[in-house]
Structures are given as C-alpha cells and as structure tokens.
Amino acid sequence: VKQAKAAGKPQVYEPREASAARRRFSIETELRRALDKDQLRLFYQPLINLKSGEVAGFEALARWTHEDRGEISPTEFIPVAEESGLILQLGRWAMDRAAQTVAEWDRQAGEPLPVYVGVNLSAIQVARDNIAEVVESALRSTGLAGNRLTLELTESSIVQDPGRAMRVFEALKALDATVAMDDFGTGYSSLAYLQRLPIDVLKIDKSFVTGMMRDPDAVAIVRAVLSLADALGMSTTAEGVETVELATTLATLGCASGQGYYFARPLEADAALEYWKGRRKKSAPIGPAMS
Ligand code: C2E
Ligand code: MG
Ligand code: MG
Ligand code: MG
C-alpha cells in the first residue's frame, strides 16, 4: 500500500526554470490587474545636497505590495513590465503620480518647495512612447514648472537608437526638465554620447559607491566619474550612501548630492514632506539621519 501511494504521488520537484517562468507569468498578469486597480504606490527617497545638508530633491520609486505574495521588489516587476509592455502604462502612472505629489507638497507649504522629483524612465518608454507628451501632460495637469522634474534615463535608452534618444532628451530640455543619467558606469553607452546629449546630472551607480570603503579601485572610478562630470559641466549624485563615512568622503571628493539609507530610505509622500521640513530646520551639513 505504502509503495503504491508513493508511486502515485505527483513529482514535487520541478525544474527551477519552469517555476521561475510560472512566477514571471503570474507577476505579469497580477501587475496588469494591480495597475488597473491603482494598487501601486510611489515612495520618495531624499537626495541630499552634500555641501549644505539640505534636501535637493526626491527620487520617486514604485512600490507594490501584493495581496498574497507581500512586497515585490521593483527589481523584479520592472523587468516584467518592460518585457510585457506594461511599462508604458506604469511609466505614465509614475509621471502623473509624482507630479501630483509635488504639487500637493507645494499646496501644503503654500509656496513652491525648493525641491525636484526624479522620475525613472525605462528605455522601453524612450523607444516606444511619446515621452515628451507624457511629461508635458503631467506638467499641464498639475501646473508644475518643468524644472521641478528630473528624468532619470539609463545608458540602455541611448544605445539602441541614439538619434531617437537625442530627440527625446532635447524635447525634455525644451520643457525645462533636468536630465540625469542613471546607474552611470554600468551600461554600454559610449562616452561620445555623454558629450553630445544634453545631460545635466550623472548618477553614480551604488555598486561603485558601496564598494568605496573596501576597494581602492571603486574610489578611483568614483573620482574619475566626478572629474568627468566636472569637465563636461554636469552635476553628480551618488546612490547607495549607507554610512556617514561615505557621505563625508563623497562630499570631500566634490560629489554634489547623495541618496542612501544613511540619510533615509524611500518614504511615503507625507513622511517625505516631514523629512524635508526637519532637514530644513537643522542646517548642519550632512548631519545624522533623521527619522
Ligand atoms: P534606481 O533608479 O537606480 O533607484 C535606486 C535604487 O537604489 C532604489 O531601489 C533605492 O531604494 C535603492 N537605494 C537607495 N539608497 C540605497 C542604499 O543606501 N543602499 C541600498 N542597498 N539601496 C539603496 P528600488 O526602489 O528597489 O528600485 C530598483 C530599480 O527599479 C530602480 O533603480 C529603477 O531602475 C527601477 N524602478 C523603480 N521604480 C521605477 C519606476 O517608477 N519606473 C521605472 N522605469 N523604473 C523604476
Ligand atoms: Mg533612478
Ligand atoms: Mg539609479
Ligand atoms: Mg541603481
């Protein structure tokens, strides 16, 4: 009896690829539903001016708490959104939501806050959507000035079709928005594009920043990026500033701003506004993280 039962049992083991593919497919279906039901949220991570210690701006980061699976990381669902084309809908949602949040902060403060919001744009959006129209519509419906927006683009949005990227970047500049090159140093773009495209800010990828404390090569790379940005008249932001040592080292090296867990994790809109108020009162340069 025992043996027969064991033989009739379905195989519990399944190849890793099969279950990964299944999860990916479920994520896609459920992401589509979550977008339609407006279940994604945007969090806002402060970017700190490393000279003054004030909040320079916030990066808007998508968050998804799944009913059964719990928190799903954007490092998992953004690639799925890109492969499925859902990124167009997600990207428009993020742009509108971020602009609405900043307009709401201004309304609560009774004046325009001296901060910008950074919105991530996928290479798929650059290739397939009319980004300038998406940005313009977010500005128009909120009444925000273009210079309150930083668009974070990656090197991958350039390599596929540099001519198109050039037109997109210039259209964004025409709206007075700031253009940042995200995760700089991890992609495959040529330095020639850096010179030709209207890029205002280089965001140094956190892999280099977190490496700085133990790896002299990472320090050399960060120094080189800072001096490249300086030579090309661009500003700089460091991602992944997790310790006070990193914050002070980056400040000494001349990096303009930093974002990371040392200052704050991504926050809900209300908490982000409170964080801004708290930082404004204490003017100590890159003082301890506030809660
Ligand atoms: P990213 O644009 O490079 O965003 C920075 C990431 O670094 C965020 O991860 C942020 O939470 C994380 N981070 C910030 N400070 C620290 C730190 O001190 N230590 C560590 N370990 N991590 C830190 P997150 O929120 O998981 O987002 C991952 C990526 O997903 C983003 O990387 C971006 O490429 C993408 N993403 C997120 N939201 C959106 C969106 O609305 N649209 C698009 N197209 N992409 C998005
Ligand atoms: Mg980013
Ligand atoms: Mg980044
Ligand atoms: Mg990154």
### Tilt relative to the chain, helix 162-174 - C-alpha long axis, 0 to 90 degrees, to 10
50
### Task
Compute the distribution of all C-alpha to C-alpha distances in the range 58-192, in bins of 10 Å from 0, and list the percent of pairs in each, rounded to whole numbers.
12, 42, 33, 12, 1
### Query
Hey, what angle do you get for helix 216-231 against the long axis of the chain, alpha-carbon based, 0 to 90 degrees rounded to 10?
50
### Task
Using a 10 angstrom cutoff on alpha carbons, build the Gaussian network for the chain and name the most mobile of Glu104, Glu136, Glu71.
Glu71
### 5 Å binning of all Cα-Cα separations within the range 212-282, expressed as whole percents from 0 upward
3, 15, 22, 22, 16, 10, 9, 2
### Message
To check my understanding: the extent here is largest minus smallest coordinate of the Cα atoms along each principal axis. What are those three numbers for the chain, in Å, largest first?
### Response
76, 47, 42
### Query
Pairing the Cα long axis of helix 269-281 with the longest principal axis of the chain, what angle in degrees results, from 0 to 90 and rounded to the nearest 10?
30
### Query
What number, rounded to the nearest 500 deg cm²/dmol, is the helix-based mean residue ellipticity at 222 nm of the chain, given -39500 (n - 2.57) per DSSP H run of at least four residues and division by all its residues?
-15500 deg cm²/dmol
### the range 138-291: translational diffusion in µm²/s, Stokes-Einstein, Kirkwood Rh over Cα pairs, 37 °C, 0.692 mPa s
195
### Task
With both partners inside the chain, how many of the DSSP beta bridges are antiparallel, as a percent to the nearest 5?
40
### Summary
If one builds a Gaussian network model of the chain from Cα atoms under 10 Å apart, the most fluctuating residue listed among Leu31, Leu153, Leu232 is Leu232
## Note on the structure
Probe 1.4 Å, heavy atoms of protein chains only: per residue, the accessible area of the chain in Å² is 51
### Query
Sorting Lys281, Lys37 by accessible area (1.4 Å probe), largest first, what list results?
Lys281, Lys37
### Task
Taking every pair of alpha-carbon atoms in the range 10-127, give the share separated by more than 16 Å as a whole percent.
67
### Query
Over the chain, what percent of the accessible surface lies on carbon and sulfur atoms, probe 1.4 Å?
52
### Gaussian network model of the chain, Cα within-10 Å springs - most flexible of Pro266, Pro114, Pro46
Pro114
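The values are calculated or read from the model by the stated rules, or taken from the named source; none is laboratory data. Bear in mind the structure is a predicted one, so any value in this text is a computation, not a measurement. Note: accessible area is taken over every heavy atom of the protein model, side chains too, but ligands, DNA and RNA are not part of it. Shrake-Rupley method; radii C 1.70, N 1.55, O 1.52, S 1.80 Å.
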